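The values are calculated or read from the model by the stated rules, or taken from the named source; none is laboratory data. None of the values given here were measured: they were computed from a predicted structure. Here the Cβ positions follow ideal geometry from the backbone for every residue, glycine too, while neighbour counts run over all protein chains shown. With ligands, DNA and RNA removed, areas are computed over all heavy atoms of the protein, side chains included. Shrake-Rupley method; radii C 1.70, N 1.55, O 1.52, S 1.80 Å.
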Amino acid sequence: MSQFVQEFMAEVKAKNPNEPEFHQAVQEVAESVALVYERHPEYRRAKILERIVEPERVIMFRVPWTDDRGEIRINRGYRVQMNSAIGPYKGGLRFHPSVNLGILKFLAFEQVFKNSLTSLPMGGAKGGSDFDPKGKSDAEVMRFCQAFMNELFRHIGADTDVPAGDIGVGGREIGFLFGQYKKLMNCFTGVLTGKGINWGGSLIRPEATGYGAVYFAAEMLATRGQTLEGKVCLVSGSGNVAQYTVEKILDMGGKAVTLSDSDGYIYDEAGIDREKLEFVKELKNIRRGRIKEYAEKYPGVVYTPVDPNLPYNPLWNHKADCAFPSATQNEINAIDAQNLVRNGVYCVAEGANMPTHIDGVRIFLDAGILYGPGKAANAGGVAVSGLEMAQNSMRMPWQREEVDARLQIIMKNIHKTCKVTAERYNVPGNYVVGANIGGFIKVADAMMDQGIV
Amino acid sequence: MVRKPFKDVLTHFDPSWIEHGYGTRFQGFQNLMRQRIRDILLVSSLYDLYVFEEDGRLYELLREEYQKLMLSHAPEFTRVSSGREALSLIKEEKRFDLILISLHIEDMNATTFAKMVRESGLDIPVVLLAYDNRELADLLRRQEATVFDRVFMWQGDFRLLIAIIKTLEDQLNVDHDTRIVGIQSIIFIEDNVRFYSTFLPIMYLELLTQAQRLISEGINLSHKNLRTRARPKILHATTYEEAWDYFKKYQEHILGVISDVDFPRQGKYDAQAGLMFAENVLARRADVPILLQSNLPENEPLARALGASFLLKTSPNLAEELRSFMAESFSFGDFIFRTPDGRIVGRAQDLISLEEQIKVVPEESLRYHAERNHFSNWLRARTEFWLAHKLRPRKVSDFASMEELRQDLIRSLREYRRLCQRGIVTDFNKDTFDPNTSFARIGGGSLGGKARGLAFVNILINNYNVQNFWPNVTIDVPAALAIGTDVFDEFLEENNLRSFALSCDNDEEICRRFLLASRFPERILGDLAAFLDLMHAPLAVRSSSLLEDSQYHPFAGVYHTYMIPNNHPDPIVRLGQLLRAIKRVYASTFFQAPKEYIKATSYRLEEEKMAVVIQKLVGSQHGDRFYPAFSGVARSYNFYPVGPQKPSEGVASVALGLGKMIVEGGTSVRFSPAHPDHLPQFATITDTLHNSQRDFYALSLAEDQYHSGVEDLQIKRFDIRVAEQDGVLGFLASTYSPENDCIYDGISREGRRLVTFAPILKDKIFPLPQIIELLLDMGSWGMGTPVEIEFAADMCRKPYEFGLLQLRPFVLNRELEELTLEEVPEDELLISSNSVLGHGVMNDIYDIVVVDRDLFERSRSRQTAQEISRLNAELLADHRPYLLIALGRLGTLDPWLGIPVTWDQICGARAIVETDFKDMPVSPSQGSHFFHNLTSFSVGYFSINGRDALGKIDWEWLNSQQPALQLNTVKLLRFDSPLTIKINGRENRGYILKPKRVDP
């Protein structure tokens, strides 16, 4: 760790005691942009890093509400408006008993760079409350949401801060929050994203992450003059992300051969075609069954149950060209990464959040394969939030195709940012560095442009 | 919130009906004649005794007579001959209900003795039993007799003793019994000792014989016995004022008056007192039959003029005339239809023949009897109070025509007969069995636990009129036929199966042999065939074993239930299918699971006997499937309360389709009936998708194929979308729209269907929480213990049907009731907490997986999760359940706040403890991430955090133990003796004791 980073971190820790999550996030950014700082003394002079770790505004407020038995409950509400250099604050609201200021600062900080990377005009923020939706009635959730908005409304707006959902805040909560905002402001604007389709929501939300990961992979392949056509792809998971990943792979002529759930995985050498994909969608979304049934339905498919004693995941040990980890965190460890490389996989696009352990990432980078980190490759979800804002501002909803086309453009832009930045910083093809620095630079430059504010 | 007792909930009842027991029909009979004379102290000289029992058989005769009249409890006599002896005995033993004294006792005279009894404050009636001599005459003249409660004259008939006992009992019980069922009374006015000593035995004999006649109409044996208690009472008065008090008090319930003409009024003899009494009574109730009796024939025309009957006391046929008056006027005996001119046009012996006669007798006769309340009087005398009470207020003038009245009477009689069957286990009779509501039995022996529970709840439901409490729902116990345990015994004996079954350890083989057994008791076959003749709906054949639902060892779910479509056109085939199902249930008595289970109890399998309940299945047919909209179980206690729920508010689990889903621990909706809006398992969208039902069970109506296996092949699993096509899902479902990331209640929008019960629990289309609350309350009140109920509901027809399938005591471990920490020595305590979920005692855990508090780092919680997962897998493979002690929120979505394990990674833990981090407190998850799994697998869950002053964990001890295996941040501790884990789920408290040190 450079001396600058050390000194900087010491100060951050002193100023923000008891926020270890925040410290770790800041440290990661500081380390990855150390290189940038060397090249850009103007950033140092403008104290960009010191400014960027200080939220532009933190709102902490009382949320009193009445439960079904008439008892008064008091929760604490927050909105951490971290950075608005490139656009109105944008970031989720989380309702969960674990919510506290430290966690929200950490999440808001990460959000700044995620949003920046999408190339859409969105600043970074995060908010929420320590309210626990567990065991609450619909009426209680509604009263809480209204009470929460009774304060929050004065701090947000379509051009100021546009919250979205997160843990504990789904379509229902967004509805209650939006209703109360509209009542208080007497104004129907796109102040929240994640709205119902009928009242300002965008299409392609469930598909966005999976589609986006495949678009990103296609862009990476294009740098080597290749397409997904005919490529054999390993896909993990079987939820939304995995399903739409397979769907887009099919659209682009590739062949997905695996899917998994927490019990095991299937390997279908013949490839998961559209009919089989429909079966998976029904199996997983409607019947909510186990992926094992896929192997029971289709002959020639091998099902392998999870073996907890195995030090690696056999799903990643098949001959293939591309891999789309779309299940959970840390599903690719060092052995898996080695297996992938050894089996000829040369393109990995992360649909899940941080699916590859840091040791695995190093192996990918050393092997020089196309590795699209989640930060960049799974930005499709955030991107569609941005597109929802755009549609709201235009007061014009787009068709699926239009949203999908724009998503593809955004993924292209993200890829371009990563690629160009990596090249500029002498690590061509290193999308990790590209993503980390690319997101930062855009915000830093905007802050430079806007003066000391 | 404190719930109201269920009786307060039943507000739309006419309270007087509950009070008077009309609403309860003969159920109130159990409570009649509660005060009885059982122990009698006879104080008499030997000589007097000799006079009383000339032939020496007094007691024997008395007992015989009691038996003959089917009276329970012939009293016990104790005789002493001195007053002093008597007094000390009374004081010492305090068991006597009556003191009978003769004029001669050894050490004092009878009046002195009576005074001494009074003065010593003893509240025991003292009755003087004298024989006709001058001494008695003197005593009466001197008016010293008032010190006795009664004076009787012995005339050589031992039945006088019965009369004495019964008059006293009547006096003791009249108040209560009139209030409970509106029992009827006869006022008997007679001041002459000799006369009433003669009359009372005759009157009682007549009453008791009448009661005996009614017994033959009883529906079952216990009902028959109960009816004898409902006979009319005799209120004996010796003065005008006493009699008038009785009349005023029980006016509505006076069956008749039998009175002397001259007796004291206003303190002196009044030669016309009886006439005046009759006149006053008739002025208030013209329909009361009155018999006046006198020594003077000239009183006869006076009596007749008033409309009373007359009896000459000197008549040689006195007894016979008295009896015939009672039979006729008090409606004892047959109902005799007359025309106004006295012509007899019909006669009815019982309710059925009454109905037959009403259909045909001429209108004038009908009018004659109706105008005089003869029908209700006759019914009352026959103890049909409920019906009598219903008919009484109807006036002839209420009806447009006599024909209308006739039809109304017929309708009421039929309705009443149907009602009598309801809620009662009748002996099966194909003529009276109602395939919708009846509960009958065939075969002797016990009905078993399940049938007993069902019969009991059936009575509760019917007595408290719960059936139609909610306008759109009928609550019932589906019609059922129980086969007594004798049939099981016979079947085993005749087919020589017992010793084979006891020794065989192969379930399939037992099942096969039982199915092959060809001898089934003949008479049962006939009844079963007759039953199937009436019953065409699908049937559930359920086990009802002797030990099932025993208070201390619940055998619930140990034995099998089989279902049959019962739809084959050939009745022989249907009978065959039913018999196979019965044999399967019989066979299941001897399967391995019950054999294992019974080992753990104090019983022996040889003691177990199986009754069978064949019950109409609740539900509707959809194509070739048959299933209820939903089934469920509910318990008085909720051991996993969340949010506003309290343990004592109970909990229910419900699922679409047959109850097999719940019994097998499948996905169901769990809710507290007091908080139906709060469904913790559906807190988030992910939770809802994860924790809602995907498929359901239904009975296949396709041909019942013969097979010899144990499994019930008729029950099949279907996707919930099938229920949508069947039109059932809409009652229970919500819809998830992925585009909107939102769950909408009901199925009007497009998206994925989820069984959430929202239309019922939130939109209240079915009063399920209210019904469950009421039934749990009623059940626990009735059984005197917490209860568990099983139910199923059909919503395809209105009114909806809610069928109660089971009521059983809910066993709470008594040991845990007194769970206190005080008794535990400090150094033995490993963990204690006041925030514990679950219930029970565990003492088979030898392993602890504990996260090292000093080595754990929040930033590396994912690795810790992996390590726990690894140990879990190893312990699972070795079949070693363990205690997991973790830090922070277990299963957290945010890895900084705890250990982000999934359920699969900790599924071998039988008990889980979550505690604070070393450096910071964190609000505990209280198991919310695995809630469904915790409840399904009854895992104990302890939360310990800084805010709980009583929560404790002995880290020092944990750290000092040598680990069997040490990973980076997690270690495994293994012990030679088990931990003791105790959880009191009623109070959410619990503790864990360290393993006992094993001495080398």
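Some points to look at:
- Using a probe of 1.4 angstrom and keeping all protein chains present, the accessible surface of region B:582-731 works out to 33 square angstrom per residue.
- Of the GluC sites (Glu not before Pro) in region B:578-675, the ones in a loop by DSSP (not H, G, I, E or B) with at most 15 other beta carbons within 10 Å are B:664.
- Here the extension length gained between residue B:77 and residue B:878 equals 281.2 nm, from 0.36 nm per residue of separation less the Cα-Cα distance.
- Rg and Dmax of chain B, based on Cα coordinates, read 36.2, 117 Å.
- Paramagnetic label reach from residue A:399 (point 7 Å along Cα→Cβ; backbone nitrogen cut-off under 14 Å): within region A:188-210, no residues.
- Burial of 40 Å² or greater, region B:861-895 residues [accessible area, probe 1.4 Å, versus chain by itself]: B:862, B:889, B:893, B:894
- Folded to 0 to 90 degrees: helix B:448-463 orientation relative to chain B principal axis, Cα: 60
- Spin-label pair residue B:304-residue A:274: with each label point 7 Å from Cα along the Cα-Cβ axis, the two points sit 10.9 nm from one another.
- Nearest-0.05 FRET efficiency for residue B:251 and residue B:59, computed from C-beta distance (R0 60 Å): 0.90
- FRET efficiency, residue B:493 to residue B:410 (Cβ-Cβ, R0 60 Å, nearest 0.05): 0.80
- Along chain A, longest interval not containing exposed trypsin sites (Lys or Arg not before Pro), exposed being DSSP loop plus at most 11 other Cβ atoms within 10 Å: A:225-394
- Where only C-alpha atoms are counted, convex hull volume of region B:290-390 per residue in Å³: 114
- Label-point separation in nm, residue B:503 to residue B:271, each point 7 Å along Cα→Cβ: 9.5
- The stretch between residue A:353 and residue A:409 holds 18.0 nm of extra length on full extension. This uses 0.36 nm per residue minus the Cα-Cα distance.
- All Cα-Cα separations within region A:164-227 were binned at 5 Å from zero, giving a P(r) of 4, 15, 19, 16, 12, 9, 8, 8, 5, 3, 1, each value a whole percent of the pairs.
- Here residue B:430 is the anchor, and the lysines within straight C-alpha reach of less than 27 Å, apart from those fewer than 8 places off in the same chain, are B:224, B:359, B:450, B:583, B:609, B:616.
- Cut-off 12 Å (backbone N to label point 7 Å along Cα→Cβ of residue A:185), residues of region A:191-213: A:191-193
- Straight Cα distances below 25 angstrom link residue B:996 to the lysines B:952, B:971, B:982, with same-chain residues fewer than 8 positions distant left out.
- With the convex hull constructed from alpha-carbon coordinates only, region B:821-879 shows a mean projected area of 6.3 nm² over all directions.
- Computed E for residue A:445/residue A:229 - FRET, C-beta separation, R0 35 angstrom, nearest 0.05: 0.40
- Accessible surface computed residue by residue for region A:360-418, with neighbouring protein chains in place and a 1.4 Å probe, gives 43 Å² per residue.
- C-alpha long axis of helix B:507-516 to longest principal axis of chain B, angle in °: 40
- Region B:391-466, accessible surface, carbon-and-sulfur percent (1.4 angstrom probe): 49
- Using a probe radius of 1.4 angstrom, the carbon and sulfur fraction of the accessible surface of chain A is 51%.
- Counting only cysteine Cβ atoms and a cutoff under 4.7 Å, chain A contains unmatched residues A:145, A:187, A:418.
- Estimated buried accessible area (total), pair A and B, 1.4 Å, Å² to nearest 100: 3400
- Residues of region A:174-215 that lose at least 20 Å² of accessible area (1.4 Å probe, protein heavy atoms only) when the other protein chains are present, relative to their chain alone, are A:197, A:205, A:206.
- Filter on A:375/A:412; A:255/A:412; A:90/A:183; A:90/A:195 - keep pairs with C-alpha separation over 19 Å: A:255/A:412; A:90/A:183
- Computed with the Debye formula from one identical point scatterer per Cα of region A:297-453, without solvent, the log10 of I(q)/I(0) at q = 0.08, 0.12, 0.20, 0.21 Å⁻¹ comes to -0.32, -0.66, -1.24, -1.29.
- Those GluC sites (Glu not before Pro) in region B:682-787 that DSSP places in a loop and that have at most 10 other beta carbons within 10 Å: B:750
- Compared with its chain on its own, region B:732-776 contains the following residues whose accessible area drops by 50 Å² or more in the full protein assembly (probe 1.4 Å; ligands, DNA and RNA excluded): B:739, B:740, B:752.
- GluC sites (Glu not before Pro) lying in DSSP loop within region A:1-102, provided at most 14 other Cβ fall within 10 Å: A:71
- Multiplying the residue separation of residue B:749 and residue B:834 by 0.36 nm and subtracting their alpha-carbon distance yields 26.2 nm.
- Global geometry of region A:211-283, whether rounded, prolate or oblate, following the gyration tensor of its Cα atoms and the 1.5 cut on a/c: prolate
- Nearby aspartates and glutamates by direct alpha-carbon distance to residue A:136 (threshold 15 angstrom, same-chain neighbours under 8 apart not counted): A:67, A:68, A:71, A:173, B:677, B:687
- Principal-axis tilt of helix B:571-588 within chain B, Cα atoms, nearest 10 degrees: 70
- Computed over the protein assembly as shown, Kirkwood Rh from alpha-carbon pairs, angstrom: 38.6
- Chain A - mean residue ellipticity at 222 nm from DSSP helices (-39,500 (n - 2.57) per run, n ≥ 4, rounded to 500): -14500 deg cm²/dmol
- Residue-averaged [θ]222 nm for chain B, counting only DSSP H segments that reach four residues, each worth -39500 (n - 2.57): -10500 deg cm²/dmol
- Over chain A, the pair-distance histogram of Cα-Cα distances with 20 Å bins from zero comes to 24, 55, 20, 0 percent, rounded to whole numbers.
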